[in-house]
Amino acid sequence: MKKIFYALMATLTGLVLLFSYRTSLGATASAEALPDTTPAPASAQRATPSPSASASESPSASASPSPSASASGSSESSGSSSAAAAPATSGLADGTYLGSAADTRFGPVQVQITVSGGTVTDVQVPVYPAANGRDQQINSRAVPILVEETLAAQSADIDMVSGATYTSRGYITSLQSALDEARA
């Protein structure tokens, strides 16, 4: 009888401990997300307006850039701003614009865009984390996807790449600063 009682008490204790255990994943993820979304100072931004010789592409129905959510906001919540933007012209001045470098946990990310005919025609990523083999592996897959999404969306309202969250956040922040420079 005592053995049954001790077994029940051990099981009950184990269940109480199991259900009361709190993981630190939620707190860590939200604490790490805040520094990654803070934009670089305006003094770090550089823009070089220059006419581009590349052929301009005709904008699609979703080509008008949205007034994006602030760079310090959540990138997941920036989807609602694209529905409000409906001007016929993009408002982007032709030239080449270098976004501010966005610091991430694994290194800075910086985006350069080329605008021709009011449309983003080229996207380059001159700075991204590549310090080790893992960074190179992740970003060799993520950067082309982010560039393709940018050319399709013509705005910073793009999906993040799974497995490259930090690079995606830095890319979107730097891209938004380049687009802001192109609108100014």
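Here, each number is a calculation from the coordinates, and none is a lab measurement. The shown structure was predicted, so the numbers you read here are calculated from the model rather than taken from an experiment. As a convention, Cβ positions derive from the backbone with ideal geometry for all residues, glycine included, and neighbour counts pool all protein chains shown.
Can you find even one residue in the stretch 163-183 that is aromatic (Phe, Trp, Tyr) and in a loop (DSSP other than H, G, I, E, B)? Checked the stretch 163-183: no residue is aromatic (Phe, Trp, Tyr) and in a loop (DSSP other than H, G, I, E, B). Within the stretch 162-184, being over 15 Å from GLN112 (Cα atoms), in contact (Cβ under 8 Å) with a residue 60 or more places away in the chain and hydrophobic (A, V, I, L, M, F, W, C) holds for one residue alone: ALA184. Taking each residue of the stretch 114-139 that is among the small types (Gly, Ala, Ser) and looking for partners that are not in a loop (DSSP other than H, G, I, E, B) with beta-carbon atoms closer than 6 Å, six or more apart or interchain, yields ALA130/GLN136.
Entry remark, the stretch 112-146: residues being over 17 Å from ALA93 (Cβ atoms) and surrounded by 19 or more Cβ atoms within 10 Å (Cβ to Cβ) number 8 in total. Right, ASP159: free of Cβ contacts under 8 Å to residues at least 24 places away in the same chain and either closer than 18 Å to ALA101 by Cα or outside any helix (DSSP H, G or I) (or both) or not? Judged against the criteria, ASP159 is a match.
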